[in-house]
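Where a number appears in this text, it was derived from the coordinates with a stated rule and is not lab data. Note that the structure is predicted; figures quoted are calculated from it, not measured. So basically every Cβ, Gly included, is an ideal-geometry build from the backbone, and we count neighbours across all protein chains shown.
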Amino acid sequence: MDLYEHQGKELLKEYGLETLPGKVATTPEEARKATEEIGGTVAVKAQVLTGGRGKAGGIKVVDSPDEAEKAADQILGMDIKGHTVGRVYVEGGAEIETEMYLSIMVDREKKQSLLLFSTEGGIDIEEVAETKPETIVRLYIDPLVGLQPFQIREVTFASGLSGDTAKSFGKTLQNLYKAFEGADASLVEINPLVVTKDGKVLTLDSKVTVDNSSLYRHKDIAELHDAAAADPQEQRAQEAGLQYVKLDGDVGILGNGAGLVMSTLDVVAQAGGEPANFCDVGGGADAEQISTALDIVTSNENVRSVFFNIFGGITRGDEVAKGLLAAMERTDIKLPIVVRLDGTNAEEGREILAENTPENVHTEETMLDAAARAVELAKKGGN
Amino acid sequence: MDLYEHQGKELLKEYGLETLPGKVATTPEEARKATEEIGGTVAVKAQVLTGGRGKAGGIKVVDSPDEAEKAADQILGMDIKGHTVGRVYVEGGAEIETEMYLSIMVDREKKQSLLLFSTEGGIDIEEVAETKPETIVRLYIDPLVGLQPFQIREVTFASGLSGDTAKSFGKTLQNLYKAFEGADASLVEINPLVVTKDGKVLTLDSKVTVDNSSLYRHKDIAELHDAAAADPQEQRAQEAGLQYVKLDGDVGILGNGAGLVMSTLDVVAQAGGEPANFCDVGGGADAEQISTALDIVTSNENVRSVFFNIFGGITRGDEVAKGLLAAMERTDIKLPIVVRLDGTNAEEGREILAENTPENVHTEETMLDAAARAVELAKKGGN
Amino acid sequence: MAILVDDNTKLLVQGITGREGAFHTGRMVESGTNVVAGVTPGKGGQTADGGVPIFNTVSEAVEETGANASVIFVPPQFAADAIFESLGSDMKTVCCITEGVPVHDMMRVANYLRFKDATLIGPNCPGVLSPGQANVSIMPRSIFAEGNVGVVSRSGTLTYQVVNELTQMGIGQTSAVGIGGDPIIGTDFIEILSLFEADPETECAVMIGEIGGNAEQRAAEYIQSEMTTPVVAYIAGFTAPEGKTMGHAGAIVSGGDTTAEAKSNALRKAGIRAAENPSEVAQLVADALGK
Amino acid sequence: MAILVDDNTKLLVQGITGREGAFHTGRMVESGTNVVAGVTPGKGGQTADGGVPIFNTVSEAVEETGANASVIFVPPQFAADAIFESLGSDMKTVCCITEGVPVHDMMRVANYLRFKDATLIGPNCPGVLSPGQANVSIMPRSIFAEGNVGVVSRSGTLTYQVVNELTQMGIGQTSAVGIGGDPIIGTDFIEILSLFEADPETECAVMIGEIGGNAEQRAAEYIQSEMTTPVVAYIAGFTAPEGKTMGHAGAIVSGGDTTAEAKSNALRKAGIRAAENPSEVAQLVADALGK
């Protein structure tokens, strides 16, 4: 789960990281008030769960409450890479001496946390990795012993800071790791981490991603989820316990098992079609879940045909066929549905479907044939 | 560093363990007042850093402030295994259902913490290990992952407790490990750990030993040290940075290096003598430290001769000899002192001693000869 | 010869009285697996369906039954502890079926595993099945056949799909291992491939990967430099968009290396047969075996 | 052949600018040891006496100088971190001279060591000296001679005492290792004895133990079952009273097994020559060597 900038900062502050004063506003008036309270020059920043808001005009630095109100009016409602801006963060200013980069993430290969630091901040770290790789420090943190004092020294010496600023920097590293571990984050990124002219070490922009599997023990973080900003069908799928991702094509796809569904998208593309979504109904889906899934998939207006790809494993093919028929009865989908049923008791399942289904349901024996059929039907415009 | 029962309980309480209400008293009057405040039946318990106080009459259960005053009067000043009782702990009563044993200690072989539990409490665990070994649960705690939930379940099932009492018991294990680690203890022992008739899990008697090397980060615990109760010479040696242990014999012993001094005690015993103490002056001891050490060793009235065993390593023998002479000048020891000087520049050192020392200083070339001489001199009564 | 689980496997089921645990214990017993014990704290002394004795702790279960492998069905918040409990009793093979185990829990487990002479499969995996010997999984036994192909996969249903096609072509399996779809898993492709390489009966190995991470690239290097057994690979997720989790917590494109295309290219560069879809896998295996 | 440190040792001194660190660095350099680097955070870029370059971190020092062994002189509260820092740079041999390291710190270090292909000597130890090759210790080089006896000891001064007597009898040493007097140490007798056993030049090993723990009993079992090299042992502390720490934090009688008598008896039962005092050690070694 990705946090908004202001949520991430709030969390980092709880772990002792320093930030500038700031307030969230959902209306231009609130932005004005926030600016009055903070005083001086402020930045009005679009809160969106994507990068590149600066280039998109989503950040404006202003000198008065009036200007802040105007800026917020421009930014709120703006579309940034498909995300509609629903709130802005009004943040006080600082006299910046240097900008640096600092992040901690889960490293899958090493199975440890990876800390990345660079004296080059404010720009994309991948760009830095290409242009100035020598400025990057990488170190692994073993979860069994945590971030060690000697590692903090290594990064602090690399920062080139000294005196009290170096101490604050070291404390920042320590607190960031505590936040990373304490909040079950898979990523905490501070970019830029700034040193002010008076030697303070501040988090200017941050990105925090919390492991979804850990949310049961972080109720406070789970509550930050912005259901309004999510795709409504993805949101509905999530609530129904289904895995659904909306895509741009016209062939709606369902199946049981994440790997099989990913593969189904692939064979549809290989057959010349474009998948409209990813939808995993899981292993033991019942009629109700299947009908919800069908409803979610077909509620996408671009969908012209549906490919339901089932491998009967422990759930036998005949049972799946019955479940699908029961689900069909609950909906009134007119779009053509291609069902491919394979695995345990597949033949029995196909027979049940052949005998009982409405005209718009077609069965195929193999994934490849079914994909070709679904693509063909979609190209015909769903008739 | 061993803590008194009441100090250990105070520490365990900070980590969430439950104890009975209690107060320390250093006079019979204070014991009376404490009993009035606590109310009901109380135990008046001698606070000494040794076991077996129960058998020695150091614990009395009484029903009134009057009786408590009388009991405290009897117990205060009592000698228990060489320890004079300077304070008592007045503790409230409880209706006890069962008594169990629980401890965590540093296991040197496994290099992990060892948790010991037995359903048999209130008696010496070594006795339980012999008579009812099947009641003992032993498990190792890896410091890199701590006490694990499954280990808590293992011990809890072994306790035979159920319901809320089992939960309290589990919490007790968890908190005891936190205390053990948090206080840098080398031993925390609760014996007995009791379950009351109303299902509470209480620490009735406890023993806590804190690692001396960790005291720099536990200033609060370090301050609990009862200098008054320590042997005055051991206390003085500690303050001077010397390692000194008083023993029962009449040959005073000094040397450089713990192993060499231990070995010196052994050769003195092998020569038919009895060492009066262990005293390690360390590798780079200067004249002042040597004179302090000599003074400590000879302040023991039993001492009839002194054996100063030196191996010149990095500190050369001639330097050691000069240091010894300088030290001798600061004291006016009349007892015979046998100096054995070996190692780097030993001959030069021995020459310096031979030329300059008073009559009561004798030099020998080997440890064995020196030991024999020191024993012989002690037997002569120190003349 | 099978890998990881076989005729000598004495299986312990952690979470045997839960819905999933009970259901799959029945299926594993039906498949002929020697399920010797179950563990559910507080239900020690009871007996599960199929006559499997239940214990309160793994330590007790191992002492009483000599269990040497365990399969875990406990809820995600207790999964790491269940794994530690198995490791604490020196279990040699541990399969954690549970989905949704927190990543930080798994980092601790995975780093602790370095101390232990044990193989952890999963979490979020279908387990291990060695046809004719032992079924320590939630996979459908009926689609398998005894034979000479080893299968290792990050996906459950894709394993079924491929195994089913193999079996229908008359090609059986030594063992099939689902290593799990999470970002941090106990055992990666390389460890399993090395077991297949060492197994004289495995004549061909199938590796089924997907988007996310770079385990497939590392496996490609290993296969090229260390393996003589032919390997057929397939990577799912060519059409997955960046930044979206595709069902499995670990299936997410987060950079150039993590796409199905990059992985397939790396495999082909290393001289490994990489199929475009699951059906092609079976055909490539048949070719490799000279059938 | 020497063990642990030899002609190939490139030594790093952690805490090189402290009083002890600076003093002993000079002595180690004088003994001919190849001291390639020192570390003191904040003094990187400076040069220590003898021209040894100082770095801010071990990682930097290793990168620049290829150091493969380190010796630690930092204060006790920083010792565990210094050890972790060395292990983090994959140092093969680490000698921690520092006395007074908290026991819980050492438990963490000792358990972490299981992951690492490294040998930690100490803490609270005099280090390792291989006469004629390398001196990674605070031991007086002058009392040593090159030869065929390996010495391992929990005590510094007793090592000097024994080595001095050996040298005076014309018996030289391959290496002398002070493993330290703390309750939790990185390397026990057995690991060092196994190195001596594997060393073709070591013809006799001397083991100097003391009261506390049961490392000597475990060593006795090992010597009896695994060693062909003759071993002469000596245990100090026959007269130590129960419950009193005798100088070394680990030298405390806390039960029947931990006395010098129990240890000497165990050694003798295992057929090992156990001396009554240090002087007897040299004589027994001479006997063992047939001199």
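Listing for the model above:
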item	result
Highest-MSF residue in chain C out of C:245, C:202, C:174 [GNM, Cα springs under 10 Å]	C:245
Estimated [θ] at 222 nm from DSSP helical runs (n ≥ 4, -39500 (n - 2.57)) normalised by residues in chain A, nearest 500	-11500 deg cm²/dmol
CD proxy at 222 nm, helix term only [per DSSP H run n ≥ 4: -39500 (n - 2.57); per residue of chain C; nearest 500]	-10500 deg cm²/dmol
Within-12-Å neighbourhood charge of residue A:345 [Cβ basis; K, R +1; D, E -1]	-3
In Hz, Karplus ³J(HN,Hα) per residue of the stretch A:29-35 (6.51, -1.76, 1.60; θ = phi - 60°; x = Gly, Pro)	4, 4, 5, 4, 4, 4, 5
Residues A:15, A:244, D:160, C:112 arranged by fewest to most Cβ contacts within 10 Å	A:15, C:112, A:244, D:160
Exposed-loop-free span, longest in chain B, where GluC sites (Glu not before Pro) count as exposed if DSSP calls them loop and at most 11 other C-beta atoms lie within 10 Å	B:96-222
Residue list for the stretch A:86-125, given a label point 7 angstrom along the Cα-to-Cβ vector of residue A:132 and an amide N cut-off under 17 Å	A:96-103, A:116-125
Under-5 Å amide H pairs with residue A:206, H placed in peptide plane, nonlocal only	A:191
From phi via Karplus (6.51, -1.76, 1.60), per-residue ³J(HN,Hα) for the stretch A:317-334 in Hz, x at Gly/Pro	x, 5, 5, 4, 4, 4, x, 5, 4, 4, 5, 4, 5, 7, 10, 10, 6, 9
Minimum Cβ-to-axis distance in chain A for the rotation onto chain B, with residue, whole Å	A:144, 2
Highest-MSF residue in chain B out of B:150, B:308, B:169 [GNM, Cα springs under 10 Å]	B:150
Ranking of B:32, B:138 by count of other Cβ atoms within 10 Å, fewest first	B:138, B:32
Beta bridges by DSSP in the stretch B:231-379, antiparallel share as percent, to the nearest 5	20 percent
Reachable aspartates and glutamates, given that their alpha-carbon falls under 15 Å from the alpha-carbon of residue A:380 and they are not under 8 places away in the same chain	A:250, A:274
Local electrostatic count at residue D:2 - Lys and Arg +1, Asp and Glu -1, tallied over other residues with Cβ under 15 Å	-4
Whether the stretch A:307-371 is rounded, prolate or oblate, judged on the alpha carbon gyration tensor where a/c under 1.5 counts as rounded	oblate
Residue with peak Gaussian network fluctuation, chain C [Cα springs, cutoff 10 Å], from C:229, C:239, C:47	C:239
Folded to 0 to 90 degrees: helix A:163-182 orientation relative to chain A principal axis, Cα	20 degrees
Whole-Å distance, taken between Cα centres, linking the stretch A:308-348 and the stretch C:225-242	29 Å
Per-residue HN-Hα couplings for the stretch B:143-158 [Karplus 6.51, -1.76, 1.60; θ = phi - 60°; Hz; x = Gly/Pro]	x, 6, 10, x, 6, 8, x, 5, 6, 4, 5, 4, 6, 4, 4, 5
Sequence-distant residues sharing a close amide H with residue B:337 (under 5 Å, placed H)	B:306, B:361, B:362
Normalised convex hull volume, chain C, alpha-carbon set, Å³ per residue	113 Å³
Shape call, the stretch B:231-379: gyration tensor on alpha carbons, a/c limit 1.5	rounded
Signed unit charges on C-beta, dipole axis of chain B, positive-most listed residue B:113, B:215, B:155	B:155
Span from the the stretch D:1-47 Cα centroid across to the the stretch B:173-244 one, whole angstrom	38 Å
Other-chain or far-sequence residues with amide H under 5 Å of residue C:121's (modelled H)	C:94, C:95, C:96
Residue pairs, from the table A:9/A:219; C:43/C:116; B:60/B:246; A:9/A:167; B:167/B:219; A:70/A:178, whose Cα atoms sit over 27 Å apart	C:43/C:116; B:60/B:246; B:167/B:219; A:70/A:178
Order of A:105, C:139, C:207, D:169 under a 10 Å beta carbon neighbour criterion, fewest first	D:169, A:105, C:139, C:207
Overall form of the stretch D:1-129 per C-alpha gyration tensor (a/c, 1.5; a/b vs b/c)	rounded
Label distances, nm, residue C:18 versus same residue in remaining copies, Cβ-directed 7 Å point	5.0
The stretch C:134-291: projected area of the alpha-carbon convex hull, averaged over directions, in nm²	8.4 nm²
q = 0.08, 0.14 Å⁻¹, chain A: log10 I(q)/I(0) [Debye, one scatterer per Cα]	-0.56, -1.09
Local electrostatic count at residue C:33 - Lys and Arg +1, Asp and Glu -1, tallied over other residues with Cβ under 11 Å	0
